[in-house]
1. Could you tell me which of the pairs Lys153/Lys200; Lys144/Lys200; Lys139/Lys224; Lys144/Lys229 are separated by over 25 angstrom between their Cα atoms in the structure shown?
2. To two decimal places, what compactness ratio does segment 24-109 give when its Cα radius of gyration is scaled by 2.2 N^0.38 Å?
3. Which GluC sites (Glu not before Pro) from segment 62-135 combine a DSSP loop assignment with at most 11 other Cβ atoms within 10 Å?
4. When the helix-only estimate is applied to the chain (DSSP H runs of n ≥ 4, each -39,500 (n - 2.57), divided by the residue count), what is the mean residue ellipticity at 222 nm, nearest 500 deg cm²/dmol?
5. Check which residues have an amide H placed less than 5 Å from Gln72's amide H, if you skip close sequence neighbours.
6. Just subtract the alpha-carbon distance of Ala166 and Glu96 from 0.36 nm times their residue separation and send over the number in nm, one decimal.
7. For the chain, what's the relative contact order in percent, using C-alpha pairs closer than 8 Å and at least 6 residues apart?
8. Nearest 20 debye, what's the magnitude of the dipole of segment 1-98 about its Cα centre given +1 on Lys and Arg Cβ and -1 on Asp and Glu Cβ?
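What follows draws every value from the coordinates through simple rules; no lab data is involved. The shown structure was predicted, so the numbers you read here are calculated from the model rather than taken from an experiment. Reconstructed Cβ throughout: ideal geometry from the backbone, glycine too, with neighbour counts over all protein chains shown.
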Amino acid sequence: MKMLTRQKVHSFDAQLISFRRLSISTGHFTVSVPQEFVFYAGQFVSFIIKKEDGTSLRRPYSIASAPPANGQIDLCIKKVEGGIGTTMLFALQEGESMPALGPMGAFGVQEAHKVGDLCFISTGAGIAPFKSIIPDLLKNGFSKSVFLFSGFKNEQEILYQEEFSALAEQYSNFHYFHAVDSPIDKNYIPKGRVQDLVKKYLPPGFSGHFYLCGLWAMIEDVGKLLAAKGVTSQRIHFERYD
């Protein structure tokens with residue numbers, strides 16, 4: 001099987017170019033990267049968080065834009081209460097920088113997996129790598145069916161609905177479904193968990209590969225659901241956000 005090639009990892013100062021709120025808890029960051037920064041869809045960058053005691057931490061965040069970088073990338077980041085990394089990132093002002101490393105990771109779609117249909121499953125900010133992977137596949141002529149099932153806490157936490165809905169209109173082979181678990185408006189539809197979307201919309205006999213991203217509880221639960229459908233572990237790929 002052809003593997004994704006290793007990219008050069010750069011150490012650089014990521015300057016905040018722009019920021020916008022996606023939801024109450026989540027932000028869309030556009031940051032600078034070196035002009036020679038080359039990544040493949042599904043990779044991440046790590047920010048170096050310098051602590052007051054002189055030590056530092058690394059915090060990884062998935063790239064939420066499709067290649068090529070052209071000097072900048074997008075990130076989708078959920079603010080964690082008390083989290084040192086996201087607290088510092090959300091405090092950044094446009095023009096300010098934070099040290100970073102990247103690209104890293106191997107969550108992208110392997111070439112050998114592109115011969116069949118693909119299904120992406122996410123909860124919350126776990127949609128970030130799919131914001132990179134799915135547009136990259138489609139714009140490069142991937143013709144098999146692509147499914148995206150995304151779950152969110154409530155309707156105020158839905159991420160990138162307009163973008164994915166537009167892709168579904170543009171590409172007939174892309175199918176996008178979302179649901180919210182605890183809607184603020186009790187009449188909101190679609191209501192439910194991402195597992196419900198899998199049960200309802202995954203075609204019978206689906207033989208492709210699955211890519212899961214989100215909290216471990218979802219990954220474990222969906223993994224059991226897929227196993228019950230006869231899906232082998234070799235067809236399930238995941239990246240956990242906790």
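1. Numbers: Lys153/Lys200 19 Å; Lys144/Lys200 20 Å; Lys139/Lys224 32 Å; Lys144/Lys229 21 Å.
Those over the limit are Lys139/Lys224.
2. Cα Rg divided by the expected 2.2 N^0.38 Å: 1.08.
3. Working: sites: Glu81, Glu94, Glu96, Glu111; in loops: Glu81, Glu94, Glu96.
Passing sites in segment 62-135 are Glu81, Glu94, Glu96.
4. Working: 5 runs with 51 residues, N = 242.
Rounded to the nearest 500, the figure is -6000 deg cm²/dmol.
5. Val33
6. So the chain would gain 22.0 nm between Ala166 and Glu96.
7. Numbers: 497 pairs, mean separation 45.9, N = 242.
Result for the chain is 19 percent.
8. On the way: 11 positive and 8 negative charges, 79 e Å.
Around 380 debye, computed over segment 1-98.
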